[in-house]
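Notes follow the structure.
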Amino acid sequence: MRVFITGASGHLGSAVVPELLQNGHSVLGLARSDDSAKKLTDWGAEVVRGDLDDLDRLGAAAAAADGVIHLAFRHDLLVSGDLATAAESDLAALRAMAEALVGSDKPLVSTSGTGMLAAFVHGRTGTEADFAPGGGYRIDAENYVVSMADKGVRSSIVRLPQVHSELDHSGFIPSLIRFARQNGFAGYIGDGSNRWPAVHTLDAARLYRLALESAPAGSRLHAVGDEGIELRVIAEAIGRGLDVPTRSITTDEAPQYLGFLATFAAWDNPTSATRTSELLDWHPTHPGLLADLAAGFYFG
Ligand SMILES: NC(=O)c1ccc[n+]([C@@H]2O[C@H](COP(=O)([O-])OP(=O)(O)OC[C@H]3O[C@@H](n4cnc5c(N)ncnc54)[C@H](OP(=O)(O)O)[C@@H]3O)[C@@H](O)[C@H]2O)c1
């Protein structure tokens, strides 16, 4: 397939683009800068120059492709706390691309986060069957993508947990490490028993390819390797990596010590990928988060 990918130059893109090329697909990647365009051409992809807000260009690129993978996200707005605008921009871009695919039966694989489940799944492990009816960051975009299955789009959603590997330079794990370095200790909130799920970047990339090739229309998929690691255990691994102590902080102290991660670091988000594994024969084979933290490359 000739696949149009937004966010092709980012962390996930740096694994999804090679995964597709190595498996016989060709890639047309959105790039908003010369640096991003060069990355894509170096990897063997073609480039469409443009921004997420260039809705006509997104629609035209989607219409000309055999399938679309949407990875781009305004993380600049997430870090500055303006999630609402980031979510609006995400939904507008999705609408532009999905409308161009109506009636085509072409695949549209979009991206969400397992973290959305933390808001409404309590006291149990979240599954692919869990969803919220509407109203919020990621939720509206997910529901929109799934709804396009009724309009002749083979749409699917990949929910990502913490994605980790040597390709990860700006996700939540590098941010936790940066805060621990600044603070002189690795912090967790309360008793740190709340859990984050995780996946290796290369395992996630394989799931994007499988979803593109064969996910049934309207699927919600979980790219989860580790179902849930306690934040205290993650903090201890970071403490070892930086050779700094580990300690508990209060919820009130979290913004001071964990900045924009304060809310996310409180999430309890155990998540299963059982249905995804069965549906697409997807089985993570790469190291887990604690192994990657122990390997040392995050602390170089
Ligand atoms: N990594 C994780 O642990 C994780 C966890 C849960 C969900 N997710 C989601 O997975 C998706 C991919 O994440 P990632 O880790 O690959 O993010 P990333 O490394 O920050 O990459 C983001 C990509 O989006 C592009 N982008 C950002 N703003 C844009 C704009 N205004 N116009 C056009 N392109 C723009 C970036 O282009 P440039 O290269 O030009 O900057 C880059 O290619 C995102 O939706 C993210 O929220 C990631």
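Here are the numbers:
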quantity: Sequence ranges 71-82, 90-101, 270-281, ranked by mean other-Cβ count within 10 angstrom, highest first; calculated: 90-101, 270-281, 71-82
quantity: Peptides ranked, highest mean first, by Cβ atoms within 10 Å: ranges 26-33, 106-113; calculated: 106-113, 26-33
quantity: Projected label distance in nm at Val102 and Asp66, using a 7 Å step from Cα toward the beta-carbon; calculated: 2.5 nm
quantity: Set of aspartates and glutamates with alpha-carbon distance to Lys106 below 17 Å, sequence-local pairs under 8 removed; calculated: Asp66, Asp150, Glu213
quantity: Considering only the chain, percent of DSSP beta bridges that pair antiparallel, nearest 5; calculated: 10 percent
quantity: Kirkwood Rh and Cα Rg combined as Rg over Rh, evaluated for the range 7-113; calculated: 0.95
quantity: Helix-only CD estimate at 222 nm, as mean residue ellipticity for the chain, using -39500 (n - 2.57) per DSSP H run (n ≥ 4); calculated: -11500 deg cm²/dmol
quantity: For the range 245-267 versus the range 110-146, the gap between their alpha-carbon centres in whole angstrom; calculated: 23 Å
quantity: Ser112 long-range amide H proximity, modeled H, under 5 Å; calculated: Val158, Arg159, Leu160
quantity: Mean accessible surface per residue for the chain, computed with a 1.4 Å probe while every protein chain stays in place, in Å²; calculated: 41 Å²
quantity: Cut-off 13 Å (backbone N to label point 7 Å along Cα→Cβ of Arg275), residues of the range 117-133; calculated: 126-132
quantity: Using alpha carbons only: equivalent-ellipsoid semi-axes of the chain, gyration tensor based, whole Å; calculated: 32, 20, 18
quantity: Amide H contacts of Arg154 (H built 1.01 Å from N, under 5 Å, at least 5 apart or other chain); calculated: Asp105, Lys106, Leu108
quantity: Sorted peptide list for 114-120, 54-60, criterion being average Cβ within 10 angstrom, highest first; calculated: 114-120, 54-60
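The values are calculated or read from the model by the stated rules, or taken from the named source; none is laboratory data. Nothing here was measured: the structure is a model prediction, and the numbers come from that model. Note: ideal-geometry Cβ built from the backbone for every residue, glycine included; neighbour counts use all protein chains shown. Side chains included, ligands, DNA and RNA excluded: accessible areas come from the protein's heavy atoms. Shrake-Rupley method; radii C 1.70, N 1.55, O 1.52, S 1.80 Å.
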